[in-house]
Amino acid sequence: MEKENALKFNYGLNDKPGWLPLALYGIQWFLATMPILLIIGSLVGNLQFDTLTEKTFYTQKLFALIGTALIVQVLWGHRLPIIIGPATVLLVGIIASQSESTASIYTAIITGGVLLFALSFTPWLKNLKDLFSPRIVAVILALIAVTLMPTIIDLSFSGVLPPSLKYVFFVAFTIILMISNSLLLGIWKSTVLLWGIVAGTLAYRLLISDWSMPAFPASEENSKTFFLPAFEIEPGVLLAFLFCYVALFINELGSVQAVSQAIRSGDETPRTVRGLRFTGLFNALNGLFGVIGPVDFSMSPGIIMSTGCASRYALIPAGAGLILCALFPGIILFLTSIPESVMGIILLYLMITQLGSSLQMIGTNNLVKNFNDAIVIAFPIMLALVTVFLPGPIVSAIPVLLRPILGNGFVMGVIAVIILEHTLNKKEKKK
């Protein structure tokens, strides 16, 4: 199997490049990993903390834990060249649970991680995979994208630009990102998000004529906490996050299998089990540190093909680089000084690719054969959109215990698609 890899790539899965190529490939993986860390770290930090020191320290912890998880997965987990980063679906859960305590959110993340870890030791894994049909998976991918729309809108149109200029900047920058992704090749295509952040930040600061950088106030030095201060079980929040972990479970399996098949690694099942096991472990660990949990990303095959390097060892320098950055708050502060408008557009770009993956899956797998199939896909998405844009008084009228579920567009969409798929299409499955 290693010979097959060697014929196809400059370095096969278990090849160890020399120090210079290892460093160069590692830098490429580092540049591809960093943008999603910066965006989600900044978003969650802004949601949950008031002081600049706390926000920056949150991102420091995130960098350190993701870097550690990356190295552990490469050496002892799935042992594949796969990018790891904060799970977007958990961001959906955090945003939907803003009215709840931070302790209850991270207790739910710890619980979800422990359940994933435990699940990897059971024979139920195959049964759970069979429960989620391709139609359900496609809808869940779409739900992650559409339920982040309120956040994307709020971020994209914030700031001090005149309203008309905000819209022009939003449309123009989004189109530029799409065209760049289409035209660029190799490492430039793999790191289009990073260059988008850099170019967008420079363009925005030029428009507002503000080049000042934030600094840490001395009075905030003692506001940092390493661990989650307390555990708090809120049944509604816990149940809502369990639905988020359904999507994370699907994402994890899909990412590992996609890379395994792309490089013909063999041993796909044990790699998937080990990958899920360590993903669960690090979700629990991240929750313990009060940080959003990780998942493996499906963009990895594109990077492997563009660089010609399938060596898992090339990701070790990337993980070490993330850990090194975490040790210097000044570097993290500089990296996270991204205008909210740019964050919103980058998040929109990510969700466009997410929705595109869903639509591609629907088309290539011929998932709409009749009107019932179309309803199974359309209704959960529309229900999710209505739920995320519910007026405040309606949400407030929902009983507190049920609010994290009935007021969460993603959760409502997942419940709807599972029910419809296993009722409307019941006759089709029997045939």
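Determine whether the stretch 363-381 contains at least one residue that is within 21 Å of residue 239 (Cβ to Cβ), under 27 Å from the mean Cα position of the chain (by Cα), touching a residue at least 24 places away in the same chain (Cβ under 8 Å) and part of a helix (DSSP H, G or I).
yes
Taking residue 214 and the conditions (1) loosely packed, with under 13 Cβ neighbours inside 10 Å; (2) out of contact with any Ser or Thr (no Cβ under 8 Å at 6 or more places or on another chain), which numbered condition does it fall short on, given that it satisfies the others?
Unmet for residue 214, out of (1) loosely packed, with under 13 Cβ neighbours inside 10 Å; (2) out of contact with any Ser or Thr (no Cβ under 8 Å at 6 or more places or on another chain): (2).
Kindly evaluate residue 141 against the criterion of being more than 23 Å from residue 399 (Cα to Cα), surrounded by 21 or more Cβ atoms within 10 Å (Cβ to Cβ) and touching a Gly at 6+ places or on another chain (Cβ under 8 Å).
For residue 141, the condition - more than 23 Å from residue 399 (Cα to Cα), surrounded by 21 or more Cβ atoms within 10 Å (Cβ to Cβ) and touching a Gly at 6+ places or on another chain (Cβ under 8 Å) - is not met.
Filter the stretch 34-48 down to residues that are touching a helix residue (DSSP H, G or I) at 6+ places or on another chain (Cβ under 6 Å) and at pLDDT below 90, then give me how many there are.
Of the residues in that region, 1 qualify.
Of the residues 255, 265, 298, which single one is in a loop (DSSP other than H, G, I, E, B) and within 17 Å of the chain's Cα centre (by Cα)?
After applying the criteria, what remains is 298.
State yes or no: is residue 133 surrounded by fewer than 17 Cβ atoms within 10 Å (Cβ to Cβ) and over 19 Å from the mean Cα position of the chain (by Cα)?
no
Mind checking which residues of the stretch 156-166 are outside any helix (DSSP H, G or I) and surrounded by 14 or more Cβ atoms within 10 Å (Cβ to Cβ)?
If the condition is that a residue be outside any helix (DSSP H, G or I) and surrounded by 14 or more Cβ atoms within 10 Å (Cβ to Cβ), then 157, 158, 159, 161 are the ones that fit.
State the number of residues belonging to the stretch 1-19 that are modelled with pLDDT under 65 and either farther than 12 Å from residue 308 by Cα or not in a helix (DSSP H, G or I) (or both).
4
Just to be sure before I move on: is residue 292 within 30 Å of residue 159 (Cα to Cα) and of a type in the set (A, V, I, L, M) in the structure I sent?
For residue 292, the condition - within 30 Å of residue 159 (Cα to Cα) and of a type in the set (A, V, I, L, M) - is met.
Show me the helices (runs of 4 or more DSSP H) entirely contained within the stretch 49-155 in which 3 or more residues are in contact with a Phe, Trp or Tyr (Cβ under 7 Å, 6 or more places away or on another chain), within 30 Å of residue 377 (Cβ to Cβ) and at pLDDT 95 or above.
Result: 102-119.
The values are calculated or read from the model by the stated rules, or taken from the named source; none is laboratory data. Quick caveat, the model's predicted, so the values are computed rather than measured. Methodologically, a virtual Cβ is constructed for each residue, glycine included, from the backbone with ideal geometry; neighbour enumeration extends over all protein chains shown.
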